[in-house]
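*Asks:* Sharing a structure below in structure tokens format, with a few things to ask.
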Amino acid sequence: MSDSRGMAIFRYFSEEEHARDLIDNGRVRFCTLGTYHVFEDKEVRRDPSDGLLRFKPEGGVTINQGDRTLQNNMAFVSIVKVNDIYVYCMSNKLSANLAARFNSPFCVEIQHCVGFVGRIRRHVRLRSQLDHANIFARPIDYRGLDREPGADWALPERLAFIKPEAFAWQDEFRVVIGNKGALGVENVDTHLEADGHNLAVAYEERDPLVLQLGDISRIATLHKF
């Protein structure tokens with residue numbers, strides 16, 4: 001995340017009372033990555049690739065077998081423990097178009113991003129099941145299938161911020177919190193995926209993680225579209 005104290009982030013709401021609850025009480029509601037795999041809003045918010053990296057160059061991934069090199073038209077996939085990682089989704093921009101597409105005419109602008117995330121960090125320390133030391137906040141990295149994954153495939157803290165290019169219009173900023181161990185290095189599932197056989201993630205229902213940060217009106221403004 002940028003350390004710029006002037007960086008603004010934005011949260012869109014369909015109901016004014018929920019927007020004011022964020023400003024007056026600092027109520028933030030985190031959902032698991034798995035929730036977005038089954039979200040009812042299929043057209044805008046549902047993303048069965050959330051928390052998942054899929055790499056498929058032209059012709060498929062290359063597999064080395066001894067002195068032979070094979071190319072099999074398959075994709076390499078790495079996915080985090082989607083039921084144990086919580087996200088709070090915002091945007092980097094204030095936009096009437098975003099408000100319309102989200103069907104959310106109310107938007108809270110947080111002018112002090114670092115201060116807002118700092119409050120979240122302090123409140124997470126009170127939750128014993130959460131990984132207090134690893135809380136991440138930054139913009140989403142939108143990727144095409146042909147981008148080399150490098151070491152990202154093994155790092156849940158990075159996979160949680162990777163989404164397909166089709167979602168780039170959202171210009172998303174998110175905060176990521178995991179249960180203890182969920183963000184550990186190589187705590188991922190990997191496999192090869194054939195065309196038309198996308199991974200079916202085993203979604204498990206989890207209660208949202210709700211934090212009450214207190215009055216943030218000094219760093220927040222309500223916009224209406």
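*Asks:* Write out, first by first residue and then by second, each pair whose Cβ atoms fall under 6 Å of each other, whose residues are 6+ apart or on separate chains, and whose first residue, in region 198-222, is at pLDDT 90 or above while the second is open to solvent by 60 Å² or more (accessible area, probe 1.4 Å) and among the basic types (Lys, Arg).
*Replies:* Close Cβ pairs satisfying both conditions: Pro208/Arg29; Val210/Arg29; Gln212/Arg27; Leu213/Arg119.
*Asks:* Identify, from the list Arg174, Arg119, Arg101, the residue that is in contact (Cβ under 8 Å) with a residue 40 or more places away in the chain, closer than 19 Å to Leu213 by Cβ, among the basic types (Lys, Arg) and open to solvent by 10 Å² or more (accessible area, probe 1.4 Å). Walk me through how you get there before you give the answer.
*Replies:* Details: Arg174 fails: open to solvent by 10 Å² or more (accessible area, probe 1.4 Å); Arg101 fails: closer than 19 Å to Leu213 by Cβ.
That would be Arg119, the only listed residue that is in contact (Cβ under 8 Å) with a residue 40 or more places away in the chain, closer than 19 Å to Leu213 by Cβ, among the basic types (Lys, Arg) and open to solvent by 10 Å² or more (accessible area, probe 1.4 Å).
*Asks:* Next question, about the same structure. Quick one: how many residues across region 177-198 are open to solvent by less than 60 Å² (accessible area, probe 1.4 Å) and in a loop (DSSP other than H, G, I, E, B)?
*Replies:* Of the residues in that region, 7 qualify.
*Asks:* Assuming His112 fulfils every condition listed in (1) under 27 Å from His37 (Cβ atoms); (2) out of contact with any strand residue (DSSP E or B) (no Cβ under 8 Å at 6 or more places or on another chain) apart from one, which condition is it?
*Replies:* The single condition His112 does not satisfy is (1).
*Asks:* Would you point out the residue of region 12-39, among those that are in a helix (DSSP H, G or I) and free of Cβ contacts under 8 Å to residues at least 12 places away in the same chain, that is least open to solvent (accessible area, probe 1.4 Å)?
*Replies:* So in region 12-39, the residues in a helix (DSSP H, G or I) come out as 16-25, 33-37.
Retained after the next criterion (residues that are free of Cβ contacts under 8 Å to residues at least 12 places away in the same chain): 17, 21.
Details: Glu17: 130, Asp21: 41 Å².
Once the filter is applied, the top-ranked residue is Asp21.
*Asks:* Quick one: would you say Phe173 is touching a Pro at 6+ places or on another chain (Cβ under 6 Å), part of a strand (DSSP E or B) and of a type in the set (A, V, I, L, M, F, W, C)?
*Replies:* Working: touching a Pro at 6+ places or on another chain (Cβ under 6 Å): yes; part of a strand (DSSP E or B): yes; of a type in the set (A, V, I, L, M, F, W, C): yes.
Taking the combined requirement at face value, the residue satisfies it.
The values are calculated or read from the model by the stated rules, or taken from the named source; none is laboratory data. Model, not experiment: these values are computed from the prediction. Neighbour counts are summed over all protein chains in view; Cβ atoms, including those assigned to glycine, are modelled from backbone coordinates with ideal geometry. Note: accessible area is taken over every heavy atom of the protein model, side chains too, but ligands, DNA and RNA are not part of it. Shrake-Rupley method; radii C 1.70, N 1.55, O 1.52, S 1.80 Å.
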